[in-house]
Amino acid sequence: MIKLQIVIPTLDQSGAEKQFGLLACRLPRMEFDVHVLALSRGGPYEALLRDHGIPVTILRKRNRFDPVHLVRVRREIQKTNPDVVLSCLFSANTAVRLATWGMRAKPITLISERCVDSWKSGWQKRLDRLLIPRTDRLIGNSQSVSDFYRELGVPEEKLRVIPNGVEVPPQPAITRAELLNQLGLPAEAKLTAFSGRLAKQKGLPHLLWAAQLMRQANPLAHFLIIGDGPEREKLQQLSRELEVSDHVHFLGHRADAASLLHLVDLFWLASEFEGMSNSLMEAMACGKPAIVSDIPPNRELIRHDREGFLIKPGDSVGYAQFSLRLFDNPDEVQRLGTAGALRMQEEFSIDQMVNKYADLLKSEVDARRR
C-alpha cells in the first residue's frame with residue numbers, strides 16, 4: 001500500500017480543491033492510504049473527505065510569510081510519514097519543498113500547478129527555480145501549464161501532464177422555468193452564462209460589452225454571471241454604465257453553480273490565461289456550446305466549430321456574433337453541444353484522471369523502492 005499525503009492551501013469550493021478532493025476519494029482504497037493536509041482553512045470539501053474516511057488536518061495558517069508554519073508542515077509530514085507528498089498551488093508547493101529540505105526520510109515530492117501562472121511576480125518565479133532540485137515531478141493539468149514551467153526552467157524529464165477530470169453535473173433542484181421566474185424573465189429568454197471567480201484575468205468586462213451588443217440585437221438575450229470575487233462591484237458598476245443591467249444577472253456564489261449550467265443555452269469564457277477551466281469542462285459535460293477566448297489551454301478543450309467557437313481575446317463583437325448565430329440555429333447548438341459532451345466523456349472523465357495519477361504514483365514509488 002502507498003501512503004499518500006495531499007497538501008493543499010484550503011478546502012474551498014474551487015476548481016483545484018474539487019479535483020484533488022475527487023482524487024483523494026476515488027483512489028483505490030486497497031492500494032492507497034490517503035491523508036489530506038490543508039494549510040489555511042477547511043471548507044466544503046472537508047466534509048466530503050471525512051465522509052470517505054480520509055483523515056484531514058487543518059493548520060489554520062494566518063500570515064502569508066510564516067516561518068513557524070513551515071515547522072508545523074514539516075512535523076505533519078514527519079508524523080504521517082508518507083511515501084509520496086502531492087501538493088497543489090503555489091503556497092502549498094512552496095511550503096512542502098521548503099519543509100522537507102534536509103529531511104532524512106524525505107518522501108517523493110510531486111507538485112501540481114493548475115494555471116499558466118503569468119501573474120507570478122519576479123520573486124515567486126525565482127523561488128520556483130530555486131526549488132526545482134527539491135521537486136521530483138511537476139504535474140500540469142494541461143500541456144500549456146507544462147510548457148509554461150518548462151520555459152521557467154523545469155527539466156523535461158520532471159514534467160508530466162494529467163488533465164482535469166469532469167463528470168456530468170447533477171440536475172439542478174430547480175427547473176429552467178423556475179429560474180426564469182426567479183429572475184423575472186420571460187419563458188422565451190435566451191441564456192448565456194459564465195461561471196467562476198470574478199477576477200481580473202477572467203476578462204468579464206469584454207463579456208459585458210458583448211451582452212450590451214446582444215441586447216440591442218435580441219432583447220431576449222440575457223447573461224448570467226455565476227460566482228463571486230474581487231471584481232464584482234466594478235463589474236456591476238460597468239453593467240450600469242453600459243445600460244445593460246436589466247440583461248446581466250449576478251447570481252453570486254452558488255453551491256449548485258455547475259448544476260445551473262444545465263439550464264442555460266450557451267457558455268462564455270473570456271480568460272486572458274487559464275490552466276484548464278473546470279467550469280468550461282462542466283458546461284461541455286452538460287452539452288452546452290462554448291464560446292471562449294482563443295488561448296492555448298482553451299484550445300485543448302474546444303476545437304473551433306466542433307465543440308464551440310474560439311474568439312480572439314477581448315473581441316466582444318465576436319462573442320455577440322457567434323452567440324446570436326447560435327440562438328438562430330438550434331440544430332447547430334445541438335451539434336456543438338453533443339460533440340462537447342462526448343469529448344468530455346471520452347477524453348476527460350474523472351476515472352481517467354484518477355487512473356493517471358494512480359499510475360504515476362505507483363511508478364514513482366516502485367522506482368524509489370528499487
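Computed from the coordinates by the stated procedures, all read-outs in this text should not be read as laboratory data. Just so you know, these numbers come straight off a predicted model, no measurement behind them. Every residue, glycine as well, gets a Cβ built from its backbone with ideal geometry; the counts of neighbours run over all protein chains shown.
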Under a Gaussian network model of the chain whose springs join Cα atoms within less than 10 Å, the largest fluctuation of Gly318, Gly43, Gly340 belongs to Gly43
Spatially proximal aspartates and glutamates relative to Lys362 (Cα-Cα < 15 Å; intrachain offsets below 8 disregarded) = Glu31, Asp33, Asp83, Asp136
With springs connecting C-alpha atoms under 10 Å apart, model the chain as a Gaussian network and identify which of Ser259, Ser144, Ser87 has the largest mean-square fluctuation.
-> Ser259
Taking the dipole about the Cα centre of the chain, with the C-beta of Lys and Arg at +1 and of Asp and Glu at -1, give me whichever of Gly53, Leu342, Trp268 is farthest to the positive side.
-> Gly53
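Rounding to the nearest 20 debye, state how big the charge dipole of segment 176-347 is about its Cα centre with +1 on each Lys and Arg Cβ and -1 on each Asp and Glu Cβ. Walk me through the intermediate numbers first.
Values: 18 positive and 23 negative charges, 32 e Å.
Magnitude of the dipole: close to 160 debye.
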Beta bridge orientation in the chain: antiparallel %, DSSP, nearest 5 = 5 percent
Segment 176-347: antiparallel DSSP beta bridges as a percent of all, rounded to 5 = 5 percent
Would you list, by chain and number, the lysines whose Cα falls below 19 Å from the Cα of Lys288, excluding same-chain residues fewer than 8 positions away?
-> Lys190
For the chain, set up a Gaussian network in which alpha carbons nearer than 10 Å are linked by springs, and say which option among Pro163, Pro67, Pro55 fluctuates the most.
-> Pro67
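Explain nothing, just the number: dipole magnitude of the chain about its Cα centre with +1 on each Lys and Arg Cβ and -1 on each Asp and Glu Cβ, in debye rounded to the nearest 20.
Values: 50 positive and 45 negative charges, 400 e Å.
For the chain, the charge dipole is close to 1920 debye.
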What dipole magnitude, in Debye to the nearest 20, does segment 278-363 give about its Cα centre under +1 on Lys/Arg Cβ and -1 on Asp/Glu Cβ?
-> 120 debye
Filter the DSSP H helices in the chain by two things, a Kyte-Doolittle mean of at least 1.6 and an axial alpha-carbon span of 27 angstrom or more, and list the hits by number.
-> none
Please name which of Ala187, Pro205, Ser277 has its Cα lying farthest along the dipole of segment 176-347 towards the positive end, using unit charges on Cβ (Lys, Arg +1; Asp, Glu -1) and the Cα centre as origin.
-> Pro205
Lysines near Lys312 by alpha-carbon distance under 16 Å, same-chain residues fewer than 8 away left out - which ones?
-> Lys202
Note on the chain: contact order normalised by length, alpha-carbon pairs under 8 Å, 6 or more apart, percent, works out to 15 percent
